[in-house]
Amino acid sequence: MSIVIQREPSRLPSKTDAEFDRISNLPGHVIYQILSRLPIRDAVRSSVLSRKWRYKWAKIPCLVFDNHCLNFSSQDQSFIKNKLVNIIDHVLLLHNGPIHKFKLSHRDLLGVTDIDRWILCISRSSIKEVVLEIWKGQRYKPPSCLFNCQNLVHLELFNCLLEPPLMFKGFKNLKSLDLQHITITQDVFEKLVSSCPSLERLTLMNFTGVTHLVIDAPNLQFFDIGGIFEDVSFLNTVHLSYVSIGLYVNIDNEENDARDNSSKLLRFFVNLPHIRRLEIQSYFLKYLAMGYVPSRLPNLCVDLNHLSIRIDFDDLEENTAALCLLRSCPNLLELEMLARPEEQSSMERSTNFWEEDHWSSLFAHLRLVKVSGISGVKSDMDFIKFLLSNSPVLEQLTVKPASQEGEWELMKELLRFRRASIYAEVIYLDP
């Protein structure tokens, strides 16, 4: 009796298996980059794929704990806080590779003392990027160990109180510093900025404790600030090319002129020889109008090609400062003017300012203009008329009024204005 043994045909790997194998066989650094782009909860879940994947997530260099790391919602804030703390503790305990980025930005997390422990943990790694966004509660004071992270390239703090240790010597490798809703003293701010020799980008928003901003940063290229302050000056900032600055409180020029008659405009631009883009927001033009305003700057801003100004067209001093800037930018390509009408003001009003002969401010290269927030009053329309008649290569003027009231009359008047450029197109946007 013969026995016939029938062998089952070997199972070929399915398409799903093959696809999975291709992912599993990718180089380690590629897998870590993929996992780093997933929410932390999904990266940890990858450990159930196979034994090979069990601890892959524990080596990812970027740890982000934000609103995506919890997949449920609850009205119990204490429960959410405890759950989040347990997750972060678990991840940091099992992580066994270098940590290059640590971001903490959960809407329900207060400035708890647990954060001190986490920062101590990451400070022992070669951390390069730290983002702390404390959305609730009082200002969080980072521990002194944060200031020992000398490999930091990017630091971003939200709702924090900054008090570095006395022995702090700065961040020698820091290139980007973003501070928002912070409390910091005058001396600490100046020391922090000046002791970061590699700093290229500085953002400062809604701060307390600093009234006189002194920016001393030889490699700074980008500066974005918005808040309440009394003065700003630049030292050793020859590489600064992008400046956006907003003063969030109105000022009384008459009172300030009585104390100081020096030119804010001249002092502001003296250390900005290569500025390319300037945005003057909120009430900062009123600050620049303080003191002596020349007809144009002694050193023209020849590299500046984009200018944005928020202005009260009825304010004589603001108009004078704006005209000085326009005359001082011979290579301007793009201009944005945002009207800021004032209901009450003690300043001298301007009625015919832009009707006068300002021929020396010819815009030889201006191509794109946007004027927003106008109401169709004489001062608004005089400026637009002046602009159209002095821009021989203008390609497009975009007008966006503050409201729909009288918009038809405004449109008809715009079409009647003489244009120096036969190619100039007027675009009217609804408010």
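No lab work stands behind these numbers, since they all come straight from the coordinates. Please read all numbers here as calculations on a predicted model, not as lab measurements. For neighbour counting, all protein chains shown are included, and Cβ atoms are generated from backbone atoms with ideal geometry for every residue, glycine included.
Numbers at a glance
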item: Separation of alpha-carbon centers, region 206-239 and region 365-431, rounded to whole Å; result: 34 Å
item: Residues with amide H under 5 Å from that of residue 185, placed H, sequence gap 5 or more; result: none
item: Cross-link partners of residue 141 among lysines (Cα-Cα below 25 Å; sequence separation of 8 or more within a chain); result: 81, 83, 101, 103, 128, 169, 172, 175, 191
item: In Hz, Karplus ³J(HN,Hα) per residue of region 101-106 (6.51, -1.76, 1.60; θ = phi - 60°; x = Gly, Pro); result: 9, 10, 10, 10, 7, 10
item: Under Karplus coefficients 6.51, -1.76 and 1.60, residue-wise ³J(HN,Hα) of region 80-86 in Hz, glycine/proline x; result: 4, 4, 5, 5, 5, 4, 5
item: Estimated FRET transfer efficiency when R0 is 25 angstrom, pair residue 173-residue 236 (beta carbons, to 0.05); result: 0.85
item: Nonlocal amide H pairs with residue 328, under 5 Å, H built at 1.01 Å; result: 297
item: ³J(HN,Hα), Karplus 6.51/-1.76/1.60, whole Hz, each residue of region 270-275, x for Gly, Pro; result: 5, 10, 10, x, 10, 5
item: Residue 390 long-range amide H proximity, modeled H, under 5 Å; result: 420
